[in-house]
Amino acid sequence: MARHSARGWNGKIVGAALGVTLLATGASVWTAQAGSSGDSAPKAAARPTSDVKPVAESIVHASDKGPRGVNITIDDGPDPRWTPQMLDLLREHGAKATFCMVGTQAQAHPDLVKKVLADGHRLCDHSVSHDTGMDKQSQTYQSKQILDAERMITKASGGVRPMYYRAPGGAFTPYSRKLAASRGMRPLGWNVDTKDFERPGTEAIVATVKREMSNGPTLLFHDAGGDRAQTVEALRRLLPWLKDQGYTFGFPVR
């Protein structure tokens with residue numbers, strides 16, 4: 001799982017995300033409580049329910065469908081233009097996916113979060129503002145990015161919590177993995193980076209998946225952050241191809 005560098009679209013949501021995060025400070029039981037000095041580890045406020053069960057801290061790649069399983073993961077949304085098109089394709093081919101959602105996007109489009117769940121897909125926390133340099137930030141900052149996004153996604157979903165945490169650009173730290181796992185969110189990696197966010201062309205996206213499937217079962221796509229027409233068309237071709245190759249659509253193990 002190679003790191004991603006920052007992408008241009010990220011700046012479009014940073015301002016909004018910072019505003020939401022600042023408003024949430026001190027008001028939400030999900031927000032981390034800062035340590036007394038500098039970069040000391042913050043403590044997450046306890047959730048007043050008993051359904052949060054810690055999971056493993058290691059970054060997961062394996063599929064719950066075994067050696068011929070494949071995990072479709074779709075990052076950065078939901079987006080009102082592209083997410084519905086991808087949901088239609090997944091439904092058409094009987095495929096399931098894990099949607100790694102940016103907190104501000106989930107907050108802006110709760111109807112789409114609910115549609116994702118209604119179709120039997122899973123949710124993943126992808127931070128508040130998609131800061132690919134999170135691993136260089138303080139633990140207090142990392143905590144707010146993860147826990148505020150968890151809160152936003154859970155509220156948008158109507159109460160369904162994300163099952164995974166994927167660091168923006170793969171910028172995990174031991175602290176962020178431990179924090180996410182303590183909240184029941186398994187750190188989620190990828191095996192095949194389609195690089196669809198670079199818009200290399202549909203043929204290139206399809207070729208990357210076919211060439212790199214031997215790397216492992218977890219495929220990385222995107223449904224926001226720009227024009228995703230190439231990704232939609234690539235999925236239109238890849239979903240039936242994967243079935244023809246004997247793969248079964250599953251979810252990352254927890």
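The values are calculated or read from the model by the stated rules, or taken from the named source; none is laboratory data. In this text, all values refer to a predicted model and were calculated from it rather than measured experimentally. Here the Cβ is made from the backbone with ideal geometry for all residues, glycine too, and neighbour counts use every protein chain on show. For the accessible areas, the whole protein counts, side chains as well, though only heavy atoms, and no ligand, DNA or RNA atoms are used. Shrake-Rupley method; radii C 1.70, N 1.55, O 1.52, S 1.80 Å.
Observations on the structure shown:
- Subset tally (residues that are over 23 Å from Gly69 (Cα atoms) and surrounded by 22 or more Cβ atoms within 10 Å (Cβ to Cβ)) for the range 84-111: 5
- Out of Asp196, Asp223, sole residue that is buried (at least 19 other Cβ atoms within 10 Å of the Cβ), free of Cβ contacts under 8 Å to residues at least 40 places away in the same chain and of a type in the set (D, E, K, R): Asp196
- Any hit, the range 172-180, residues being on the phi > 0 side of the Ramachandran plot and open to solvent by less than 10 Å² (accessible area, probe 1.4 Å): no
- Matching residues, the range 163-177, being touching a residue at least 60 places away in the same chain (Cβ under 8 Å) and touching a Pro at 6+ places or on another chain (Cβ under 9 Å): Met163, Tyr164, Arg166, Phe172, Arg177
- Any chance Lys210 is at pLDDT 95 or above, within 21 Å of Gly94 (Cβ to Cβ) and either acidic (Asp, Glu) or open to solvent by 10 Å² or more (accessible area, probe 1.4 Å) (or both): yes
- Among residues of the range 116-130 that are touching a residue at least 60 places away in the same chain (Cβ under 8 Å), those with a beta-carbon under 8 Å from a residue that is open to solvent by 10 Å² or more (accessible area, probe 1.4 Å) and of a type in the set (Phe, Trp, Tyr) at least six positions away or on a different chain give the pairs Arg122/Phe251.
- The helices (runs of 4 or more DSSP H) found wholly in the range 134-227 and carrying at least 1 residues that are within 25 Å of Lys114 (Cβ to Cβ) occupy 139-157, 174-182.
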